[in-house]
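The values are calculated or read from the model by the stated rules, or taken from the named source; none is laboratory data. Here the structure is a predicted model, which means the values were calculated and not measured. As a convention, Cβ positions derive from the backbone with ideal geometry for all residues, glycine included, and neighbour counts pool all protein chains shown. These area figures cover heavy atoms from the full protein model, side chains too; ligands, DNA and RNA do not enter into them. Shrake-Rupley method; radii C 1.70, N 1.55, O 1.52, S 1.80 Å.
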Amino acid sequence: MGQKGFWDFEERQQELLNKNKTLKYLNDIIPWELFRDELESLHKKDRKSNAGRKPIDVILMFKFLIWTVGSSVSGSGTPRKTDMS
């Protein structure tokens with residue numbers, strides 16, 4: 001198959017959405033912006049300078065946290081730690 005092209009992102013995103021409707025479902029039922037003020041107050045860090053990358057959006061981090069905690073996806077999604085003992 002070879003290396004993925006620049007436009008393959010949209011195809012991959014659609015594949016993931018077809019496999020797991022949870023992400024769409026969560027976006028439909030949860031008003032994420034209601035959490036923004038609280039999350040920003042918890043994640044507030046004073047920046048020493050404007051150098052470097054910009055901070056990741058708190059809503060995006062919250063969505064990722066909710067998805068990874070509730071998800072049993074492995075392989076095509078976020079890797080999960082497992083107890084190997």
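A few points about this structure:
- Of the numbered criteria (1) modelled with pLDDT of 80 or more; (2) surrounded by 10 or more Cβ atoms within 10 Å (Cβ to Cβ), the one residue 21 fails is (1).
- Scope the range 53-64; condition under 18 Å from residue 31 (Cα atoms) and open to solvent by 90 Å² or more (accessible area, probe 1.4 Å); matching residues: 60, 64
- All positions within the range 26-52 that are modelled with pLDDT under 85, open to solvent by 90 Å² or more (accessible area, probe 1.4 Å) and either touching a helix residue (DSSP H, G or I) at 6+ places or on another chain (Cβ under 8 Å) or of a type in the set (D, E, K, R) (or both): 44, 45, 46, 47, 48
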